[in-house]
Structure formats: structure tokens, C-alpha cells
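All remarks here apply to the structure that follows.
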Amino acid sequence: MRVSLRQVEIFCVLAKELHFGRAAEELFITQAVVSQELRRLERLIGVRLFERTTRKVQLTEQGSTFLPTAQAVYDASRYLNRVASHLAESASTPVRLAASPSAMDFFVPQLLKEVDVQSAGAVEEIAVETGRVDHMIESDQCDVGIGRYIMMSDRYEVEHIYDDEVYVVLSTSHPLAREAAIDLKDLANLPLLLWARDQHPLYYDALIAICHERGLEPLIMTGRPHIIGARSYLLSENRVFALIPRPAVSKLQQPGLVARPLARRAAVPMSMAWLRDDSRPSVRRLVSIARRLASDPTRVEAPI
């Protein structure tokens, strides 16, 4: 005796619909095929599984006994097909990785190098603005996101992977530029150049809290998300100062700027997020490699 998966599938769908026409529609086959396979199954196991009349279809006592096991087999086969589809997809489709600017500055290049060394599959990196990683994941525009202060629903895994020290950027002409570290309260007469709060409220509030905890009630000059960019002249002209994570320090190539650590050190977290139910091996490998790389004490930190 050998019951086929096709017969199990037809039996389970018919047990759910209790209607030959609807079962045939769901399975994309004809009613004749449903009837034929059901008769073969009943002959094979030697019992009637359904009572059929012109008005209704219902399970027999034997059919009700058979259903739980058949349903378990049917569910397992569908899960197996999903796994197989994910395996086939992951073999040909790159994992989409979205990352915020400071992650893209230093960690992501290290991650892509490690993925390449381990031959762990293709990765498509997507640079996004500060505060946009959450949106990219929720809108299914990426598979894995790396950014700061990621807040997601329970459908997603969010994991803290490392911290970046915060640095002060100011003009080389500022008297504090000669100091090895800077006390923020000594910058009370200089506005803080920062993006608008609605760009990334949690990150914005964290930077303001760093100032408050160090005795500074900063004046805010609102800039674009990329602080070290077109408005860098405000920094070099000693009209504002900025707070940036360590990876962004390496991008300070404009003359007239200097980066210094805080006298009382502070850091901002970097997190990684992905869909909790995404079981594709390619996604799991990328997450695992990123986790190991971030926790490796020998990992090279961003240059100053």
C-alpha cells in the first residue's frame, strides 16, 4: 500500500471544502480528477472516507480518523515545498542589505569582504539615509537592515550588534580644537548642526540626551541628514559644531575641520533587523556573519 501525496492533498482540500467543485478550483484540476483520485484512495485503504449525496459531502467516521494524520502530512509537504523554493531562490537571488550612512562607511565593506571570503552568496547593498532602515525592511525593499535605533514590530528580529563612539566635529580655528577631548558644556556658545527631528526621532533624542547629560542645552541649527556634506563650511567657519559616530570621522576630508572625542565618552548603538520568519539560508548566513564580525574583538575599528 502506498498513498501518494497527491491523494493526500486532494483528500485534505476536499475535507476542508466539503464540495467537489470548490476543491477542484483550489487545486486547479477538474472535478473528475478529484473524484477519480478519491476513489483510488478509498480502494487503496479499503474504507469510504466521504458520504456523498447530490446535496452534500461529509466525512465518514473513518474519514475523520484519517484526517489528522493526512493533514499533518499535507502541511509538512507544503512546508517542504516552501523550503525548497527558498533554497532555489537563495541560490540565484542576492540578499538585499540596506544600511545607514555610518554603517555603510565602514562596517558594511568589512561585512561584504567577509561574505566574499566565505563564498556565502551574493549581497546587494543599498545605501539609505539616516532613519530610513525601518521603512526599507517593513516595505520589503530589503531583507536585512543595519542602522541605529531600529524599532520594529514583533514580526521582525532586531539585534544590537555593536556601539560607535561619538565625536565632536568643529573648526580647527576653535580654541578647543587643540584639546585631546572636549567637554560639551564648553560649547554652549556654538549651535549644534543636526538634521530635523522627524528624520530619525530616536537618534535625534539620543544625541540631545548626550548633550544634556554633559551639562549642555544645545542651540540647534537644522541641516540635512548628511551633516558632513554641503554645509561643512558652517563647521569650518566656526559657526556650528556637530556630533558624529566614529565611522563618519574617516570622511572628514575637508580642510579646516577636526574631530575630537568627548571628555566624558558616549556611544550610539548599531542594530541589525530582519523578518523573523525568513528562513532562507542566504539571509541566515548573512546575519550570522554580521553577528560574528561585529563581536570579533580583533575587528578593525574605523580609523580616526
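The values are calculated or read from the model by the stated rules, or taken from the named source; none is laboratory data. Bear in mind that the values here come from a model prediction, so they are computed numbers and not experimental data. Glycine gets a Cβ as well: all are built from the backbone with ideal geometry, and neighbour counts include every protein chain shown.
Values as computed for the structure displayed
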{"item": "Looking only at the stretch 166-181, and only at residues there that are among the β-branched types (Val, Ile, Thr) and under 20 Å from PRO255 (Cα atoms), the one that is surrounded by the fewest Cβ atoms within 10 Å (Cβ to Cβ)", "result": "THR172"}
{"item": "Matching option when the condition is within 30 Å of LYS16 (Cα to Cα) and in contact (Cβ under 8 Å) with a residue 24 or more places away in the chain, among LEU97, LEU49, LEU80, LEU111", "result": "LEU49"}
{"item": "Set GLY131, GLY145, GLY63: member being of a type outside the set (Val, Ile, Thr) and on the phi > 0 side of the Ramachandran plot", "result": "GLY131"}
{"item": "Every residue from the stretch 1-60 that is among the charged types (D, E, K, R) and over 47 Å from the mean Cα position of the chain (by Cα)", "result": "ARG39, ARG40, GLU42, ARG43, ARG48, GLU51, ARG52, ARG55, LYS56"}
{"item": "Qualifying residue in the stretch 195-204 (condition: of a type in the set (Ser, Thr, Tyr), farther than 22 Å from ARG264 by Cα and touching a helix residue (DSSP H, G or I) at 6+ places or on another chain (Cβ under 8 Å))", "result": "no"}
{"item": "Residue match in the stretch 32-42 (condition: touching a residue at least 24 places away in the same chain (Cβ under 8 Å) and in contact with a Pro (Cβ under 8 Å, 6 or more places away or on another chain))", "result": "no"}
{"item": "Exclusive hit being more than 20 Å from SER100 (Cβ to Cβ) and either acidic (Asp, Glu) or touching a Leu at 6+ places or on another chain (Cβ under 6 Å) (or both), set LEU207, LEU235, LEU170, LEU219", "result": "LEU235"}
{"item": "Lone qualifier among VAL144, VAL166 - being in the same structural domain as ASP278 (by TED's automatic domain parsing), modelled with pLDDT of 95 or more, over 25 Å from ALA196 (Cα atoms) and not basic (Lys, Arg)", "result": "VAL144"}
{"item": "Test: ASP198 is under 20 Å from MET104 (Cβ atoms), of a type in the set (D, E, K, R) and under 32 Å from the mean Cα position of the chain (by Cα)", "result": "no"}
{"item": "Residue that is farthest from the chain's Cα centre (by Cα) [pool: residues in the stretch 257-296 that are more than 30 Å from GLY121 (Cα to Cα) and surrounded by fewer than 16 Cβ atoms within 10 Å (Cβ to Cβ)]", "result": "ALA263"}
{"item": "Qualifying residue in the stretch 143-158 (condition: closer than 30 Å to SER288 by Cα, surrounded by fewer than 21 Cβ atoms within 10 Å (Cβ to Cβ) and without any contact (Cβ under 8 Å) to a residue 24 or more places away in the chain)", "result": "yes"}
{"item": "Flag if ALA99 is closer than 30 Å to ALA294 by Cα and at pLDDT 95 or above", "result": "yes"}
{"item": "Matching residues, the stretch 191-206, being within 17 Å of LEU262 (Cα to Cα) and surrounded by fewer than 20 Cβ atoms within 10 Å (Cβ to Cβ)", "result": "PRO191, ALA206"}
{"item": "Criterion (of a type in the set (Val, Ile, Thr) and surrounded by fewer than 13 Cβ atoms within 10 Å (Cβ to Cβ)) met by exactly one of THR60, THR54", "result": "THR54"}
{"item": "Test: residue in the stretch 79-94 that is surrounded by 13 or more Cβ atoms within 10 Å (Cβ to Cβ), under 30 Å from LEU112 (Cβ atoms) and of a type in the set (Ser, Thr, Tyr)", "result": "yes"}
